[in-house]
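The values are calculated or read from the model by the stated rules, or taken from the named source; none is laboratory data. Bear in mind the structure is a predicted one, so any value in this text is a computation, not a measurement. Glycine also receives a Cβ, built like all others from the backbone with ideal geometry; neighbour counts cover every protein chain displayed.
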Amino acid sequence: MFPPAKVLTVVETTKHVEPVRAFEFWRNTALKNLGIVDRPNPHEAFSANRLAALSAHTTLLLTESSPVSVEGDLRHIRRAGRDEVVVSFFLSGHGYLEQGSCGHVVGVGDIGFIRLDRPFAVGGLSPYRELRFSVPRVNFEARVGNADALTGRRIRASPSTELLTTYMHDVARSATGMSEAEAGLAVEGALHIVRSLVGDRDDGDRASSEVLQSLARVHIERHSHDASYGPRAMAAALNVSRSKLYRAFADGEGIAAEIRDARLDRIHRWLTSASNDRTPINVLMHACGFTDAPGFSKAFKRRFGMSAKDVRALRQG
């Protein structure tokens with residue numbers, strides 16, 4: 001009698017790679033053929049590791065990584081030929097997902113969905129730990145429903161999403177040695193939980209201000225390094241009028257302030273990270289789209305109540 005087929009598990013890591021080559025190694029191995037791979041701060045030290053569990057029913061990935069972004073374009077999608085739905089959630093840190101006319105910044109406990117047969121953009125915006133699993137779209141739709149109703153969407157963190165996170169984390173921890181049959185049952189259970197969550201999903205009208213705000217914030221995070229990226233470029237990228245974009249942020253200080261504050265927040269995160277201690281503040285400033293040093297200093301102090309230099313010193317103190 002033959003033993004049951006086992007799930008293939010692989011551990012990938014940059015631990016034994018020279019630090020200056022770590023990102024290139026990760027891009028050419030773990031993230032190979034996924035799309036255009038980049039990272040928000042090339043000056044920051046990079047490290048990553050991943051457990052991959054591969055079966056006929058699912059691909060499950062448990063990843064811990066420095067910030068990295070992946071843009072799946074048509075060329076890579078056609079080459080890969082994968083018609084699958086990916087369900088992902090952050091265990092720590094935060095990131096983003098974008099597909100079609102939908103996009104969200106996602107944090108701990110949020111659940112996101114994308115399809116691998118259409119252009120997408122996903123990534124981490126801080127050091128993160130993420131769990132994701134993918135299943136053939138035909139299986140997803142048979143057990144959950146129309147994939148188009150969910151892809152590019154987010155379900156906000158709640159006790160219900162925590163149930164799925166805990167369940168899949170347990171599956172990941174026991175993946176080594178799991179049989180194909182056990183993997184199939186695990187996926188069935190996960191999709192059953194997803195189906196129960198669908199009624200609570202955060203969708204609504206795609207043209208609503210809330211959805212436009214969410215998608216705009218994804219674009220702000222992705223382009224915060226580009227000094228020329230402003231409301232005009234964003235409106236063009238989102239295919240909406242500038243007046244509609246301005247209306248979506250009318251309750252706050254406006255879209256320009258949203259872009260400025262996102263850039264300031266990114267610099268603040270970098271300044272409080274030990275891996276950036278040797279990177280000059282003016283280099284971080286330019287990497288986040290600021291070209292006017294006095295203007296940057298004034299805006300930073302107004303937002304955080306102290307100078308960038310003092311924030312760094314406080315962390316080092």
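Brief remarks on what is shown
- Within the range 234-244, being part of a helix (DSSP H, G or I) and more than 23 Å from the chain's Cα centre (by Cα) holds for Arg242, Ser243, Lys244.
- Contact map, the range 51-70: first residue of a type in the set (Asp, Glu), second residue surrounded by fewer than 20 Cβ atoms within 10 Å (Cβ to Cβ), Cβ cut-off under 6 Å, separation 6 or more or different chains; pairs are Glu64/Asn49; Glu64/Arg129.
- Given (1) at pLDDT 80 or above; (2) under 26 Å from Gly112 (Cα atoms); (3) out of contact with any Lys or Arg (no Cβ under 8 Å at 6 or more places or on another chain); (4) not hydroxyl-bearing (Ser, Thr, Tyr), number of the condition His192 does not satisfy: (3)
- Scanning the range 286-298 for residues that are surrounded by 14 or more Cβ atoms within 10 Å (Cβ to Cβ), among the hydrophobic types (A, V, I, L, M, F, W, C) and modelled with pLDDT of 90 or more turns up at least one hit.
The rows are residues; the columns are (1) over 16 Å from the mean Cα position of the chain (by Cα); (2) modelled with pLDDT of 90 or more.
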position	(1), (2)
Ala5	yes, no
Val17	yes, yes
Leu31	no, yes
Ile36	no, yes
Thr58	yes, no
Thr63	no, yes
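- Of all residues in the range 25-47, those that are among the β-branched types (Val, Ile, Thr) and either without any contact (Cβ under 8 Å) to a residue 40 or more places away in the chain or part of a loop (DSSP other than H, G, I, E, B) (or both) total 2.
- Leu125 falls short of the stated requirement of being more than 15 Å from the chain's Cα centre (by Cα), touching a residue at least 60 places away in the same chain (Cβ under 8 Å) and closer than 30 Å to Phe46 by Cα.
- Any hit, the range 5-13, residues being small (Gly, Ala, Ser) and surrounded by 15 or more Cβ atoms within 10 Å (Cβ to Cβ): no
- Taking the criterion of being closer than 12 Å to Ser273 by Cβ and small (Gly, Ala, Ser), the only residue of the range 35-52 that qualifies is Ala45.
- Residues located in the range 105-127, provided they are part of a strand (DSSP E or B) and surrounded by fewer than 23 Cβ atoms within 10 Å (Cβ to Cβ): Val105, Val108, Ala121, Gly123
- Test set (1) within 22 Å of Arg82 (Cβ to Cβ); (2) surrounded by fewer than 16 Cβ atoms within 10 Å (Cβ to Cβ) - Arg156 fails condition number: (1)
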